[in-house]
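Okay, so here's the structure we're looking at.
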Amino acid sequence: MTSKTVNQIALALVVLMALVLPLFVRSATYLHILILVYLYAYLTTSWNLVGGFAGVLPLGHSAFIGIGAYTSTILSLQYGISPWIGMLAGGVLATAAGVLIGLPTFKMRGAYFALATIAFGEGIRVMVENIDNLGPFNLNGPRGLQIPPLDTGLANFMFADKEPYYYIILVMLMGVIGLTYWISRSKLGYALNAGGEEPEAAMALGVNVARAKLIAMAMSSFLTALAGTFYAQLTLYIHPKSIISLDLSFEIAFIALIGGRGSIAGPVLGALLLRPVSDFSRIYFGATLPGMHLIIFGTVLVLVMIFQPRGIQEPLTRAYQYMINRFLGKTTRES
Amino acid sequence: MDQGKRNTLRMNWTIVVLLATAMIFGVGSTLQAADTVVRIGNIIPLSGPSASVGQQGKNAREMAVEEINAAGGIKSLGGAKLEMIYADSESKPEKGVAEAERLINTEKVNLLTGCWNSAVTYPTTAVAERYGVPFIVPVSVSDKITEQGFKTVFRIAAKDSWWTRDQFAFLKDMQAEFGVELKTVAFVYENGDWGKGFAEQWKKLAQNAGYKVVLDEPYPSTATDLSPVVQKIRRARPDVLLLVSNAADAILLTNTLAEYKVKVKAIIGSGGGHADPSFLKAAGQNARFIFDIVEWETDVNKPGVPEINAKFNSKYGYNLAGESVDAYAAVYVIADALERAGSLDPVKIREALATTNLQSGPGMIVSYDAIEFDANGQNKHAALSIVQINDIGKGLERITVWPKSARRAGYTPVFPMPQK
Amino acid sequence: MIYILEDAINGILMGSIYGLTALGLTVIFGVLKVINFAHGSLLMVGMYVAYWSIQLTGLHPYIALIFVVPVMFLFGYYLQDIVIKPIFKAEKDVREPITVIIVTTGIWYILDNLTLLIFGPQYRTIADNPLRGGMLEVGEMLISIPKLWGFVTAILTALIIYIFFQKTRIGRAIRATSLDREAASLMGINQYKVYNIAFGIGTAVAGVAAVTLVPFYNVFPTVGVLFDIKGFIIVVLGGLGSIGGAILGGIIIGLIESVAPQFMTATWTEAIVYGLFLLVLFVKPSGLFGVKYDW
């Protein structure tokens, strides 16, 4: 048995576990928490396409979530269009926005790029907050849009129980992880990798780094917008401060970074471990020590960055590999 | 770097984590609450920009619960005690929703209260409605909250269309009482759900009353400098200035208005920031003569008010205010409904709440005479009063001036504001 | 159009204070090459230190500088030394240590919420201070006296910092390190000591800015957040590492915030500021006075 076989079995097991989990976890609260964890894993993995593979630090991704959420919500509220179609429309709009922003900003150095994305994100938020009506579309400014509970069903993207939401986000998550894996082994992935490390050398070799980054940005913004629609259909209420917020953009980026950007499962791991930490510390401390959960989150950020700047996926990887090697009886470590 | 291997590496650890979490959850969800306790979940902002008012609401609830439990709890439930569970909404709707789900499903609360920020209250009440858990809203004024057709939502405070209506009624009465002519109004409000909601209604009311709107100015609540806004007010020269502000901007605005010596005949706040205990301290003499509309004030002419307020003040260091009073009353409303329901069945509790007609008891320190909910869950009798901030010898205080029947004895409002 | 003049003056005064808050940031940004997201929190800490030192001693707010500046310097120095230096050491080969950004964000969260925990969410102001509410009347215009003080302080501080960097040995060492840290260390300059000092200076300047704000502003745990993003916009606008650029950038922002509302609602000025920011980034990323560094 090779380690490759072991990994394939492990992967199959995990997928199976995830698929049957709702049968064991009956509580709606915990399903809801899991759904949010998967959602964040999805968001961080999508973010990773730009933030990890392309090597820059985008801190305005919540704008894409907002574009997705608002597009599908407005289309469904005002024109009765199914949120699924609205989802795709939102994705397209977000892609356009992403590429538009990417064109001038990818030329910038790291810190400037980060600031530009912040300005972009906040700029969109301010605009949405101030605009009540954009042409025929009702944005409702800071008051937000509420989605009235319609008939439940797949067509309306609305369900009474948590299970359907769970499966939808699980499928989305698996899709985006698969996509990341595929990209990492493709020419695009290598172009991005090279462009991130030594852009001049890569370009000298004929790699079109700029185009690669734009493609990555297009994909990332599209996928992120899909999550916006999902979120809108899950919570049935969106407003600018919660959906297009700096805090959210930061959270996505930081979870991916703590997990380990540039790796495939780093962002997922980050979400799996950090979201529950953040939620549970709010639950346990929120009432007695206000703000404590943020102190904890901040401390985790600081400690992980000091001791494991490549993310927690590094030590976890090594431990796993060690275990697998022991299991297979090998004496030499594979790198 | 072998991506494939790395990928499945992580996946394996994912299994472990998922398994572990599932086990913890499974175990956790088997814990049940005991029968002799009524569990009430409270979703309020304990951190973030509204932390100050969230804390006040929490303290008021605590005090009410202590009193009720000390008096023997809910007698029709065999002396069951009330147990409060607090959840921090951070003023964020998604946190409120998550906490509602958790309180209902894991903590198995029998009732919910919250959330102060209207944006949090909308989706959170939707969650409660889905599960059939009664939800008492002490103070979240947006009209929409009791207009969603929900059966489980009950709100104690007046809705914002009543607030704006009363502000204009007050102006009309003041005009008559003091023979002052008011022609122009200015609206300056925080650029959020609350501010915009009020502004929409003000526009209509001003039109009906024949006032000319010389300024309609939303401003970002987090602005670092409000001089530009104040300059606009100064140059528009309104007779009346209507404000909707949160605490920090209320303070900044008041101080800046004083600095620029802006002279208007009347300034009317809308509760919120103007009613925050920090406001009086921080704005000091600059706040003198400002009017504010509130659900309640410490000099309300109701039995027991001074004692209860003194008790609260000695415990927590500041006076009761609108939010805390409504929170306090909410707990008593719950207790009263529980007594009548005699059961923890949510349908029965809801029924009992719907038929509430609370007129006495420590909870009724509100400025009006009864708490009774209409078919939409809105407290029919919720009334508001207008106070004026003034110093009549004992330091700055808020003095009830309107309706005239509620006016503090011996005090004549200063109208218009003295033009220094 | 005396209105516009009055607004412009207010914009310049307030803007210079913004510039002062961004000055510390540009020093840190220019030398360490990292975005210090904790800067707003450092400003907040400065405000609390200033607030308490004035409350407890009853001194004139600007005398509190004597106390605030050294305290803030040491705070920044040791913050860099203990918390941030390890990351620099670990990422020695990386040109732009992104992990530092995360660490500073963590510090931001910790500082803000620790303050919330310890001091509570109330808004504090210094009620009786000699600067409060003073207005200078020039014809029909009213000019805020505390802001005038702030303006003078901002210019003075900028000058002092400039002279420091140009004329003193330490200042030149810092500049050398910021231009080429390897070459500088070859010259015998201890890179990390330089970073510590730079951070300390940046934090001390934030302390000065705090003192100028306290007489007329509110003090509460999340006050720093408001100035944080604005600070970055100003730094980019003015040019990374440029002292004059920070003050001028601040003034530009101040002017926009004060004059634009006369033509539109105040809420749109935020959008204009962000739009301008993006414009500068696209057209001249090195800012108004910045030099294109190759780092």
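No value in this document is a laboratory result; all are computed from the given coordinates. Since the model is a prediction, treat every value here as computed from it, not as a measurement. With ideal geometry, Cβ positions are generated from the backbone for all residues, glycine too; neighbour counts draw on all protein chains shown.
Taking every Cα-Cα distance in the range C:127-175 and sorting them into 10 Å bins from zero, the calculated P(r) comes out as 24, 29, 22, 18, 8 percent. Semi-axis lengths, largest first, of the ellipsoid equivalent to the range B:139-267 are 26, 20, 12 Å, with √(5λ) applied to each eigenvalue of the Cα gyration tensor.
Helix C:145-167 and the long axis of chain C differ in direction by around 20°, with both axes built from C-alpha atoms.
Centre-to-centre separation between the Cα atoms of the range C:186-221 and those of the range A:62-94: 45 Å.
Peptide A:6-13 has a mean of 5 when you count, residue by residue, the C-beta atoms of other protein chains within 10 Å of its C-beta.
The mean sequence separation of alpha-carbon pairs under 8 Å and at least six residues apart, normalised by the residue count of the range B:315-374, gives a relative contact order of 32 percent.
Ordered by the number of other Cβ atoms lying within 10 Å of each residue's own Cβ, fewest first, B:ILE43, C:ILE17 fall into the sequence C:ILE17, B:ILE43.
Mean residue ellipticity, 222 nm, helices only, chain A: the sum of -39500 (n - 2.57) across DSSP H runs of n ≥ 4, divided by residue count and rounded to 500, is -24000 deg cm²/dmol. Relative to the longest principal axis of the Cα atoms of chain C, the long axis of helix C:267-283 makes an angle of roughly 30 degrees. With a 10 Å cut-off between alpha carbons and a GNM built on chain A, which of A:GLY135, A:GLY80, A:GLY259 moves the most? Comparing A:GLY135, A:GLY80, A:GLY259 in the GNM, the peak value goes to A:GLY135.
Where a ≥ b ≥ c are the square roots of the eigenvalues of the C-alpha gyration tensor, would you call the range A:246-303 rounded, which needs a/c under 1.5, or, failing that, prolate if a/b is larger than b/c, or oblate? Here the range A:246-303 falls in the prolate category.
The orientation-averaged shadow of the Cα convex hull for the range B:41-184, equal to a quarter of the hull surface, comes to 11.7 nm².
Calculated on C-alpha atoms, the gyration radius of the range C:136-295 divided by its Kirkwood radius gives an Rg/Rh of 1.02.
Classify the protein assembly as shown as rounded, prolate or oblate, taking a ≥ b ≥ c as the square roots of the eigenvalues of its Cα gyration tensor: rounded when a/c is under 1.5, otherwise prolate if a/b is larger than b/c and oblate if not. Oblate.
How high is the relative contact order of chain C, in percent, counting Cα pairs under 8 Å that sit 6 or more residues apart?
Rounded, it is 40 percent for chain C.
Exposure proxy ranking for C:GLU270, B:GLU200, based on other Cβ atoms within 10 angstrom of each Cβ and starting from the fewest, stands as B:GLU200, C:GLU270.
Note on chain B: with a GNM built from Cα contacts shorter than 10 Å, the maximum mean-square fluctuation among B:ARG288, B:ARG234, B:ARG155 falls on B:ARG234. Under a 5 Å amide H cut-off, with hydrogens placed 1.01 Å from N, B:ALA80 pairs with B:ILE74 among residues at least 5 apart or on other chains. Spacing of the modelled spin labels on C:ILE118 and A:TYR190, each 7 Å from Cα toward Cβ, amounts to 5.5 nm. Long hydrophobic helices in chain B, taken as whole DSSP H segments with a C-alpha length of 15 Å or more on their own axis and mean Kyte-Doolittle hydropathy at least 0.5: B:3-28, B:247-259.
Report the far tail of the P(r) of the range C:2-283, meaning the percent of Cα-Cα pairs longer than 30 Å. Everything past 30 Å amounts to 29 percent. Each helix, a run of at least 4 DSSP H residues, gives -39500 (n - 2.57); summed and divided by the residues of chain C, these come to -23500 deg cm²/dmol at 222 nm.
Compute the convex hull volume of the Cα atoms of the range A:120-174, divide it by the residue count, and report the result per residue in Å³ as a whole number.
144
Structure shown: which of A:LYS241/B:LYS183; B:LYS196/B:LYS232; C:LYS89/C:LYS284; B:LYS81/B:LYS144 lie over 27 Å apart, alpha-carbon to alpha-carbon? Pairs exceeding the cut-off: A:LYS241/B:LYS183; C:LYS89/C:LYS284; B:LYS81/B:LYS144. Using a Gaussian network model of chain A in which every pair of alpha carbons under 10 angstrom is joined by a spring, one finds that among A:ALA227, A:ALA94, A:ALA210 the greatest mean-square fluctuation is at A:ALA210.
Across peptide A:51-64, the average count of Cβ atoms from other chains found within 10 Å of a residue's Cβ is 1. Built from the Cα atoms of chain A, the convex hull projects on average onto 19.3 nm², one quarter of its surface area.
Centre-to-centre, using Cα atoms only, the range C:229-278 and the range C:93-162 are separated by 16 Å.
Two tests apply to each whole DSSP H helix in chain A, Cα reach of 24 Å or more along its axis and mean Kyte-Doolittle hydropathy of at least -1.0, and the ones passing both are A:3-24, A:28-48, A:62-79, A:83-105, A:110-130, A:163-184, A:209-235, A:266-285.
The relative contact order of chain B, computed from alpha carbon pairs under 8 Å that lie at least 6 residues apart in sequence, is 15 percent.
If I fit a long axis through the Cα atoms of helix C:39-57 and take the longest principal axis of the Cα atoms of chain C, what angle between them do I get, 0 to 90°, rounded to 10? Taking Cα atoms only, the helix is inclined about 60 degrees. At 0.692 mPa s and 37 °C, plugging the Kirkwood radius over alpha-carbon pairs of chain B into Stokes-Einstein gives what diffusion coefficient in µm²/s? Using the Kirkwood radius from Cα pairs, D works out to 144 µm²/s. In terms of its Cα atoms, the range A:208-297 spans 54, 31, 19 Å along the principal axes, sorted from long to short.
Sorted from greatest to least, the principal axis extents spanned by the alpha carbons of the range C:1-157 come out as 60, 38, 27 Å. Distance from the C-alpha centroid of the range A:208-260 to that of the range B:285-338: 44 Å, rounded to the whole angstrom.
By other beta-carbon atoms within 10 Å, ranking B:LEU205, A:LEU179, A:LEU257, B:LEU226 with the fewest at the front produces A:LEU179, B:LEU205, B:LEU226, A:LEU257.
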